[in-house]
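Peer 1: Shown below is the structure under consideration.
Any read-out appearing in this document is the output of simple, stated calculations on the displayed coordinates, not a laboratory observation. The model shown is predicted, which means the values in this text are computed figures rather than measured ones. Cβ atoms come from the backbone with ideal geometry, glycine included; neighbour counts cover every protein chain shown.
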Amino acid sequence: MSPFPAATLQVVPVGDTAVPPWLLDELAGRMAARVTLGAPLPVQAGWVDAERGQMRSDAVVDALIGRANGRSDDPERHWLLAVADADLYAPGRDFVFGEATVGGCCAVIGLARLRTQGGGDPGLFRRRVLAEAVHELGHVAGLPHCARERCVMFFSATLADTDRKGFEPCQACAAALQGLGAKRSA
Ligand SMILES: [Zn+2]
Ligand SMILES: [Zn+2]
């Protein structure tokens, strides 16, 4: 995969989420960036809807943006990816696998739903986590959704979509990523 246009990526656990160590290794291998584990983001009042048993993805992203803006380095080059061991939702949606600021700094993925429907298999779970992480980071880089169902930037409405698309971009998205990278580092 072409390098993402970031200098560093901080992977941020939400609450007491145990971030899988291989996620950092996989992302470091895919990005021309230093990948580190950041301090946990405390779960705030109002993030979790107890009745739904779900967490608001937009609230997590807002908190990440707050953290990014509180630092002195350029948020466009220093990204944050939150990982929540939760089922995420956004207003008007039953659930989301993740959310990102397109062409921004910040994204979140949720792990709980990726464990269902065969996700007890460690290999499948790992591929799903990676697909959703790369997808959201593609948005952070500035990529929109892609109509090719085997491209990582294809929109996942279901886990079957996630399992089909895998974690590699199509040629067009890889080329677009490279262009966005050149633009950002110029
Ligand atoms: Zn998307
Ligand atoms: Zn594509």
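Peer 1: Given Phe97, Leu159, Ala182, which one lies farthest toward the positive end of the charge dipole of region 90-182, if we put +1 on the Cβ of every Lys and Arg and -1 on the Cβ of every Asp and Glu?
Peer 2: Leu159
Peer 1: With charges set only on the Cβ (+1 for Lys and Arg, -1 for Asp and Glu), what does the dipole of the chain come to about its Cα centre, in debye to the nearest 20?
Peer 2: 460
Peer 1: Working only with C-alpha atoms, what are the Rg and Dmax values of region 1-50, expressed in angstrom?
Peer 2: In Å, with Rg to one decimal and Dmax whole: 13.4, 40.
Peer 1: Where does the charge balance sit around Ala107 when Lys and Arg score +1, Asp and Glu -1, over other residues with C-beta under 11 Å from its C-beta?
Peer 2: -3
Peer 1: Alpha carbons only, please: Rg and Dmax for region 8-185, in angstrom.
Peer 2: Expressed in Å, the Cα Rg and Dmax of region 8-185 come to 15.1, 45.
Peer 1: For region 120-186 and region 26-47, what is the separation of their Cα centres, given in Å?
Peer 2: Between the Cα centre of region 120-186 and that of region 26-47, the gap is 17 Å.
Peer 1: Give the residue from Val43, Ala141, Val60 lying farthest towards the positive end of the charge dipole for the chain; charges sit on Cβ (+1 for Lys and Arg, -1 for Asp and Glu) and the dipole is referred to the Cα centre.
Peer 2: Highest projection toward the positive end goes to Ala141.
Peer 1: While we're on this one: What nm distance separates the two modelled labels at Gln178 and Asp25, each placed 7 Å from Cα along Cα→Cβ?
Peer 2: 2.9
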